[in-house]
Amino acid sequence: MARIVPLLAAVALATLASASRAQVPYEVHPVGATSTVFFPVGVDLGGRLVFGGIDPTNGREPWISDGTLAGTFELADVHPTAGSNADRFFAAPSLGVVLFRANDGVLGDELWKTDGTPAGTVPVKDIDAGASGSNALFGADLGGLVLFRADDAAGGTGTELWSTDGTTAGTQLVKDIRPGAASSNPAGNGFAVLGGFAYFQADDGTSGFELWRSDGTATGTQLVADLNPGVASGGGTFPVAFGSLVLFVGNDGTTGTELFATDGATTSLVADINPGASSSAPSSFLVTPSHAYFLAFEPGTGQEVWRTDGVAVERVTDVAPGAGIGVFAQTMCFVNGLVVFAADDGTGMELWATDGTPDTEVPISSTGGGVEFQSLGCEAGSVYFQANDGASGDEPWVSDGSAAGTFALGDLNPGAGGSVSFDPGFAAAGGRVFFPATDGSGVALWAVDAAVAAVPALPGGFALVAAALVAAAGRSTLRGRR
């Protein structure tokens, strides 16, 4: 049983105060069947949110919002007759744009960009010539150059590592890691950036899936380590930069799937948490100034929160004593010096917090076990999540890491029906946190001022801002509410 003891000063009771709601809520009133948005809800471009929105005329297209109704609009009707299915939005600060995938009906699913204006929302390059599309997946920003994966089947290289500077001429294959039409499938579990290199998983057809790195040049794209020698895969999954190291999950064929670290020159096992050939299967990494936290499994305690300083590891929590799964977090957040996560101690799923001291974790939500563990979003210095308290249905909640600072943002869809679904998630831009929700009349994009979210809020504290997410068979009418 985890000891319920006071945490450090970082979990002192939140100061509760009244706050004025300067934002006037607006609603786009959908008619017809409810539509949806797609994960993630969007990314920040200069304080505005770029996201994929659906309207009854144009289908799913790229939209932008500054948190006001007037500042929320479609950037481009990329595919005028069917919708472009715009998604995979990736903020590239060094290029001053957001990259995304879209299909205009001619080029297939290809690489697009937007600078936040309709005129600046354009295709970057037809990588896989013709209508098939390259299916671009982002990304690592190396400063003036973004690495991503794309499939150039027409060019005979399969799914490989590409780079772009945001121009057609500057978008090119970095290296055909697995030569020929076969694919190396790089970065299926994302990139980590450290010291001018992007680290990622890839399969060259000889070494299996292993950890690679690239500086954006062919000669600078190299295998870091063949953990499991030969064609067997050593992993290289879930890379994350921590200090001077890249931590990743690997399997050397002896220790099972465990935590490894590399500085680019030397690669070593950090710890064999589940001794022998069995695996602890580390996942859900969270980097803080002093430690990297992650989930891992060991006999006797099951799946719990662990941490490392890059040299040693220690188990932090034992929420559910025994060999079961106590911590379910796909995402953990670092808020006010605390690690916040979703866990079930046998009484239901709640939000928990720890300052990193072993076995001092405490529950900070009281929803009756209604926290959706896949919904956590670490945005604007708070944790946003979905929970059902048994009375209001699934609604948006917020937490500052303390029990007093964890509360529902409002009953947006009055009654037990609920207003939110975890799939789209939360995203911050311009001092607001955005999320899709419904008040019962259809799904739209909502926003709450991040400063207002620091105190208990009523539904009037929200600004319902998007006209984008209405039913494909319906039409929208604008209605103001004051």
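Basic side chains Lys and Arg get +1 at the Cβ, acidic Asp and Glu get -1 at the Cβ, and with that the dipole of the range 247-339 about its Cα centre reaches some 200 debye.
The Rg/Rh ratio for the range 53-166, using Cα coordinates for both the radius of gyration and the Kirkwood hydrodynamic radius, is 0.98. Evaluated at q = 0.20 Å⁻¹, the base-10 log of the normalised Debye intensity for the range 114-256, with identical point scatterers placed on the Cα atoms, takes the values -1.18.
The rule of thumb for compact globular proteins, 2.2 N^0.38 Å, goes into the C-alpha radius of gyration of the range 150-230 1.05 times.
All other residues with a Cβ under 14 Å from the Cβ of residue 255 taken together, and with Lys, Arg as +1 and Asp, Glu as -1, what is their net charge? Net charge in that neighbourhood comes out at -4.
Within the range 299-435, the proportion of C-alpha pairs whose separation exceeds 27 Å stands at 19%. With the convex hull of its Cα atoms as the shape, the range 348-413 has an orientation-averaged projected area of 4.7 nm². For residue 193, the residues 5 or more places off, or on other chains, whose built amide H falls under 5 Å of its own are 199, 241.
Over every Cα atom in the range 217-309, the radius of gyration and the widest Cα-Cα span, Dmax, amount to 13.4, 47 Å. Using the Karplus relation 6.51 cos²θ - 1.76 cosθ + 1.60 with θ = phi - 60°, the per-residue 3J(HN,Hα) values for the range 261-277 come to 9, 9, 9, x, 10, 10, 10, 8, 6, 7, 6, 9, 4, 9, x, x, 7 Hz, with x marking Gly and Pro. Rounded to the nearest 10 square angstrom, residue 272 shows an accessible area of 50 square angstrom against a 1.4 Å probe. Summing charges over neighbours of residue 126, with a neighbour being any other residue whose Cβ is under 12 Å away from its Cβ, gives -4 when K and R count +1 and D and E count -1. Sequence-ordered 3J(HN,Hα) estimates for the range 215-230 from the Karplus curve with 6.51, -1.76 and 1.60 and θ = phi - 60° stand at 9, x, 10, 5, 5, x, 9, 9, 5, 7, 7, 9, 4, 10, x, x Hz, glycine and proline given as x. The heavy atoms of residue 379 present about 40 square angstrom of accessible area, all protein chains included, probe 1.4 Å. Between residue 325 and 303, the built amide H atoms are under 5 Å apart, and every one of these is 5 or more places off in sequence or on another chain. Derived scalar couplings between HN and Hα for the range 248-257 equal 7, 9, x, 9, 8, x, 10, 9, x, 7 Hz in order, rounded to whole Hz, by the Karplus curve 6.51 cos²θ - 1.76 cosθ + 1.60 (θ = phi - 60°), x for Gly and Pro. Close amide H pairs (under 5 Å, H built 1.01 Å from N) link residue 95 with 144, residues at least 5 positions away or on another chain. Based on protein heavy atoms only, the range 119-262 ends up with 34 Å² per residue of surface accessible to a 1.4 Å probe.
The values are calculated or read from the model by the stated rules, or taken from the named source; none is laboratory data. The structure presented is a predicted model; accordingly, all values stated were derived computationally and were not measured. Reconstructed Cβ throughout: ideal geometry from the backbone, glycine too, with neighbour counts over all protein chains shown. Just so you know, the surface numbers come from the protein's heavy atoms only, side chains and all, with ligands and any DNA or RNA stripped out. Shrake-Rupley method; radii C 1.70, N 1.55, O 1.52, S 1.80 Å.
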